[in-house]
1. Testing Lys68 on (1) of a type in the set (D, E, K, R); (2) buried (at least 18 other Cβ atoms within 10 Å of the Cβ); (3) modelled with pLDDT under 95, one condition comes back false. Which one is that?
2. Can you name every residue in region 18-49 that is closer than 21 Å to Ser2 by Cβ and of a type in the set (A, V, I, L, M, F, W, C)?
Amino acid sequence: MSTLAERIRFAMEMRGMTQADLARATGMNTSNIAYIVTGQTKDPRFDSVVKIARALDVSLEYLAGREKRR
């Protein structure tokens, strides 16, 4: 897994979460989540990534690709 989107999708899959679940858990709208999860947003806002990391219970380092697993 080399991209942010791939790491988010993997973490979602490990937790059995859908994009709608992640949107609810982060308080973000589903279209923003979809753009990030599909990789259409190449450089999402830092606060969005923090919300996603918290909702998925993974570290920012994991989402950044600096550690293999949480």
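The values are calculated or read from the model by the stated rules, or taken from the named source; none is laboratory data. Keep in mind it's a predicted model, so treat the numbers as computed, not measured. We place every Cβ from the backbone using ideal geometry, glycine too, and count neighbours over all the protein chains shown.
1. The number of the failed condition is (2).
2. Correct list: Leu22, Ile33, Ala34, Ile36, Val37, Phe46, Val49.
Residue-wise test of (1) at pLDDT 95 or above; (2) among the polar types (S, T, N, Q).
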{"residue": "Ile8", "(1), (2)": "yes, no"}
{"residue": "Arg15", "(1), (2)": "yes, no"}
{"residue": "Thr18", "(1), (2)": "yes, yes"}
{"residue": "Asn29", "(1), (2)": "yes, yes"}
{"residue": "Lys42", "(1), (2)": "no, no"}
